[in-house]
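Novice: Quick one: this structure, given as structure tokens, is what I'll be asking you about.
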Amino acid sequence: MKRLSIGLRLTLWYLLVFAAAQFLFGTGMWIILRHSLYEIADDELTNQVDDLRHFLEAQKKDASIAKLQEEVTEAYVLEHSGDYLQLYVPPEEWIYRASFMQKMSFLPPVQDPSADDSLRKPIYEDRQLGTRPFRFLTQHIAVHGRQFTVQTGVPIDDIAHTLALFRRYLVMFAPIILLAASVGGYWISGRALSPVDALTRAARTISGSNLSRRLEPLHTGDELQRLSDTLNEMLSRIETAFLRVTQFTADASHELRTPISLIRTEAEIVLRKSRTEEEYRDALFHIRMESEATTSMVEKLLSLARADSGQNALEMRPVDLGETVRRAANEWRALIGSKALEFTEVVTAGSLRVIGDDTALRQLLNILLDNAVKYTPGAGSIHLSVGERGDKAVLKVVDSGIGIAVEDQTRIFERFYRADKARSRELGGGAGLGLAIALWIVRQHHGSIQVESSPGKGSAFAVELPLQPTAVVVLAS
């Protein structure tokens, strides 16, 4: 089932909320109007009772029942103010009873004559007499020591008509207002979501061939602007990653093409005519060397690819960096000596424990020492050291090689970057992936790597790694 659009759902929610609010408002207004109208009617009834009390108080204290009947009848019949009035002395001595009340045989509610005056409170009630609605007040009053019960009423046709008319208008205009509100709500939601539609249309036009395009920036200062800015930032990251992959693929293809071409060319030359055993051995030696270089480069490419995908996870555990440096120095000592290079090492006494992957740290040392050997001519020197500086372990590889130009120092950690490709191949340099892998290893250990170099004077690579906190060492032991 297809879901409704956000604009339509917002409109429906707005309509439901508006309908509920309209219902509550209309009901509340009807109740308030009814209360106000009945309050006016009740005030009129109360005034009539007060007028009757004042009239009775104006009579003589010792006036008989017959005299009171005569005075009340004369006053209320002539003035037509007693058309809905009944007055009697409990239990059944009538003083005045309007003809309409006699005709309808309407009797007041029975009250306990022995009850205290404070308990015999006024009684308001609605009654239908004939075809007309009435509001009646029954109240007990005491005048000149005599107890009277008075009942008076007023027709409430106007009240009923007003309430019915108000209710009819509510029922009549509510659907019209709801319809207008729904149209207005749909229009407002459409205007509010129109930037989203614009963003959607713009996003659909962006593909791998035009990742440099961006969504139109909004300046609304609301959630839509944050969404637009976030999407543009995401597109920038995607473009950067896409360009890196594209460049990586192009560089890898180029770097692989060279050794493969050399292997093919060497094989074709050898196969053109018969060769001596020595010539075959020489050709196979060159093919093997290029194959080993190609294999090494492919392994580095796979390592970087796994690192980019997050699959090359390191096993972090406490590692004695000093012991790792000693083992690496022992492994490289013979090779460096065979190149007629002077090799020295300095390892701080004691334990330099870091949280890291021992295999990755040895690979880092191998990359730095390999570069030092490749780019340091004969009679040069290589110095390896590790020490402590504050809460950091500092690893240094210093050589007296050809050095690195200042403009190249900021780019040597990029993949496939070589300062002088021709000279690099002449000196047996790789494809420019080693330092990129070294940088990844250092970052995985939350460290930093820096280079200081001058052309013709050598290079110094310094790696800083955070030491394992002392408290952790105590717990681990």
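Novice: Among the residues of segment 140-173, write down those that are open to solvent by 60 Å² or more (accessible area, probe 1.4 Å) and not in a helix (DSSP H, G or I).
Specialist: HIS144, GLY145, ARG146, GLN147, listed by residue number.
Novice: To continue, here is another question. Can you list the helices (runs of 4 or more DSSP H) found entirely within segment 384-477 that contain at least 1 residues being loosely packed, with under 13 Cβ neighbours inside 10 Å and at pLDDT 90 or above?
Specialist: The qualifying helices (runs of 4 or more DSSP H) are 434-444.
Novice: Now, a different point. Among the residues of segment 91-121, write down those that are at pLDDT 80 or above and either open to solvent by less than 90 Å² (accessible area, probe 1.4 Å) or over 26 Å from HIS161 (Cβ atoms) (or both).
Specialist: GLU93, TRP94, ILE95, TYR96, ARG97, ALA98, PHE100, MET101, GLN102, LYS121 - these are the residues of segment 91-121 that are at pLDDT 80 or above and either open to solvent by less than 90 Å² (accessible area, probe 1.4 Å) or over 26 Å from HIS161 (Cβ atoms) (or both).
Novice: Working carefully through the options ARG275, ARG264, find the one that is farther than 26 Å from ALA436 by Cβ and part of a helix (DSSP H, G or I).
Specialist: The match here is ARG264.
Novice: Sticking with this one: Among the residues of segment 370-383, how many are assigned to a helix (DSSP H, G or I) and in contact (Cβ under 8 Å) with a residue 60 or more places away in the chain?
Specialist: 3
Novice: Which numbered condition trips up GLU323, out of (1) open to solvent by 50 Å² or more (accessible area, probe 1.4 Å); (2) outside any helix (DSSP H, G or I)?
Specialist: Going through (1) open to solvent by 50 Å² or more (accessible area, probe 1.4 Å); (2) outside any helix (DSSP H, G or I) one by one, GLU323 breaks only (2).
Novice: Continuing with the same structure: Can you name the residue in segment 122-139 that is in contact with an Asp or Glu (Cβ under 7 Å, 6 or more places away or on another chain) and more than 12 Å from TYR84 (Cα to Cα) and is also modelled with the lowest pLDDT among such residues?
Specialist: Filtering first and then ranking leaves ARG132.
Novice: Now, a different point. Test GLY380 against the criterion of being modelled with pLDDT of 90 or more and buried (at least 17 other Cβ atoms within 10 Å of the Cβ), and give yes or no.
Specialist: Spelling it out, GLY380 is indeed modelled with pLDDT of 90 or more and buried (at least 17 other Cβ atoms within 10 Å of the Cβ).
Novice: From (1) more than 30 Å from TRP13 (Cβ to Cβ); (2) modelled with pLDDT under 85, pick out the condition that doesn't hold for SER236.
Specialist: (2)
Novice: Which count do you get for residues in segment 268-294 that are under 22 Å from ARG257 (Cβ atoms) and open to solvent by less than 70 Å² (accessible area, probe 1.4 Å)?
Specialist: 7
Novice: Right, another one. Hey, among the residues in segment 327-369 that are surrounded by 15 or more Cβ atoms within 10 Å (Cβ to Cβ), without any contact (Cβ under 8 Å) to a residue 40 or more places away in the chain and basic (Lys, Arg), which one's farthest from GLY447 (Cα to Cα)?
Specialist: Ranking the qualifying residues of segment 327-369, first place goes to LYS339.
Novice: Could you list, in sequence order, all residues of segment 307-344 that are at pLDDT below 90 and basic (Lys, Arg)?
Specialist: Across segment 307-344, the qualifying residue is only LYS339.
Novice: So, in segment 1-37, of the ones that are among the hydrophobic types (A, V, I, L, M, F, W, C) and touching a Ser or Thr at 6+ places or on another chain (Cβ under 7 Å), which residue ends up modelled with the lowest pLDDT?
Specialist: LEU10
Novice: Got a sec? Which of ILE238, ILE260 is of a type outside the set (Gly, Ala, Ser), under 30 Å from LEU301 (Cα atoms) and in contact with a Leu (Cβ under 7 Å, 6 or more places away or on another chain)?
Specialist: ILE238
Novice: Among the residues in segment 215-227, are any open to solvent by 80 Å² or more (accessible area, probe 1.4 Å), touching a helix residue (DSSP H, G or I) at 6+ places or on another chain (Cβ under 7 Å) and at pLDDT 80 or above?
Specialist: No; the residues of segment 215-227 include none that is open to solvent by 80 Å² or more (accessible area, probe 1.4 Å), touching a helix residue (DSSP H, G or I) at 6+ places or on another chain (Cβ under 7 Å) and at pLDDT 80 or above.
Novice: Another question about this same structure. Collect the residues in segment 25-50 that are open to solvent by 60 Å² or more (accessible area, probe 1.4 Å) and either closer than 30 Å to PHE136 by Cβ or not in a helix (DSSP H, G or I) (or both), keeping them in residue-number order.
Specialist: MET29, TRP30, ILE31, ILE32, ARG34, HIS35, GLU39, ILE40, ASP43, GLU44, ASN47
Novice: Something else now. Scanning for something more than 30 Å from GLY26 (Cβ to Cβ), among the charged types (D, E, K, R) and open to solvent by 70 Å² or more (accessible area, probe 1.4 Å), does segment 174-197 turn up at least one residue?
Specialist: Checking segment 174-197: at least one residue is more than 30 Å from GLY26 (Cβ to Cβ), among the charged types (D, E, K, R) and open to solvent by 70 Å² or more (accessible area, probe 1.4 Å).
Novice: Among the residues of segment 209-237, write down those that are under 18 Å from ASP197 (Cβ atoms), assigned to a loop (DSSP other than H, G, I, E, B) and under 17 Å from the mean Cα position of the chain (by Cα).
Specialist: ASP222
Novice: If I ask for residues that are of a type outside the set (A, V, I, L, M, F, W, C) and without any contact (Cβ under 8 Å) to a residue 12 or more places away in the chain, which ones from segment 12-50 would you list?
Specialist: THR27, GLY28, HIS35, SER36, GLU39, ASP43, ASN47, ASP50, listed by residue number.
Novice: Only one of (1) touching a Ser or Thr at 6+ places or on another chain (Cβ under 7 Å); (2) free of Cβ contacts under 8 Å to residues at least 24 places away in the same chain is not met by ASN232, so which one is it?
Specialist: Tallying (1) touching a Ser or Thr at 6+ places or on another chain (Cβ under 7 Å); (2) free of Cβ contacts under 8 Å to residues at least 24 places away in the same chain, ASN232 fails exactly one: (1).
Novice: Now for a different question. Which residues, counting only those in segment 1-24, are of a type outside the set (Gly, Ala, Ser), part of a helix (DSSP H, G or I) and loosely packed, with under 12 Cβ neighbours inside 10 Å?
Specialist: LEU16, LEU24
The values are calculated or read from the model by the stated rules, or taken from the named source; none is laboratory data. Since this is a predicted model, take the numbers as computed values, not measurements. When we count neighbours, we look across all protein chains shown, and the Cβ atoms used for this are built from the backbone with ideal geometry, even at glycine. The protein model used for the area step is the full one, side chains on, heavy atoms only, and it has no ligands, DNA or RNA in it. Shrake-Rupley method; radii C 1.70, N 1.55, O 1.52, S 1.80 Å.
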